[in-house]
Amino acid sequence: MSVYPGSNIPVNDLSNTRMNSIIDNLLTPKLMAFREICIYDEKATLMSDGETWRATYSNWLPRFDLGVRKNGQTLGPSGGYDNVNYCDGTLKAGAINSGADGRSRDSLELTYQFDYFPAMVLAGYLYASIETVNTAAAGPPTDFGFDSNNEPPAYWDGVLSDLAFAMAMERLILDYDLWKGRLIFAINPGDVYDGNGSGSSVVSQLELLKKNAEARAQNTLDNPKFKIGGNITSAPTAIYYSAVRGIGGRNTGQNGGKLRGFKRNRLF
């Protein structure tokens, strides 16, 4: 699978060409720091089946070489761990050593990269964005979508990407408030619990990025000609001028304009 240059972020991840173009060319450069997050030496959790280990975050990047260490010993894919589920963020790492009480005495540590905004999530934001533009912009409502026979004009892409980016910032703000997102920010352990200190600037920065993206999109949507893509009336043609000015001729395809050629008869 091809990847984003200089990273492990995949490109052309969806079957929809138009969405791939917006995600790969307009959204990923803005979200690169969140689409390739590396977690080092995280202590995995053993699931209820007694053999599957799970990390905090899913959507692992397959091209990244996983680091798996069990009980202090480094394991490899050829003879240490298997059944890696990159979507769920799970794997198996051999037999489980249990104590007399039946509980595992093993410790598993994982180093992995994950995508906070996989292509399918960004696609959902784009679907929501296009519905917003269909109804929010000046002019009559439209019904554009991402089907090949119903795509919006190419100049919509900038607005759609800005609206999708704003939604991504909203998710980061919400996840941060719900504590889970704080694990990926450089925040002191105490700030994770009290929500104060250096962590307070994180939300402010995310809100600023969100507002900037929304402002860019709104400036375009406020343009009354955005949906019509230019002037409504076409430029007058030579035939039109000949017809209204009464200069008709053989090359114009007109017999004349106004009352040219009119003859009174006995009834009128």
Sort 133-146, 162-175, 11-24 by packing, meaning the average of other beta carbons within 10 Å per residue, with the highest value first.
162-175, 11-24, 133-146
Calculate the radius of gyration of the Cα atoms of the stretch 1-147 to one decimal place, then report Dmax, the largest Cα-Cα distance, as a whole number, both in Å.
20.0, 73
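Which whole number in µm²/s is D for the stretch 37-114 by Stokes-Einstein, with the Kirkwood Rh taken over Cα pairs at 10 °C and 1.306 mPa s?
Details: Rh = 12.6 Å.
Estimated via Stokes-Einstein, D reaches 126 µm²/s.
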Given R₀ = 22 Å, FRET efficiency for LEU208-MET32 by Cβ-Cβ distance, to 0.05?
0.75
Based on the alpha-carbon gyration tensor of the stretch 111-181, what equivalent-ellipsoid semi-axes (square roots of 5 times the eigenvalues) come out, in whole Å, largest first?
28, 15, 9
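Any read-out appearing in this document is the output of simple, stated calculations on the displayed coordinates, not a laboratory observation. All values reported here derive from a predicted model rather than from experimental measurement. Note that we place each Cβ from the backbone using ideal geometry, even for glycine, and neighbour counts take in every protein chain shown.
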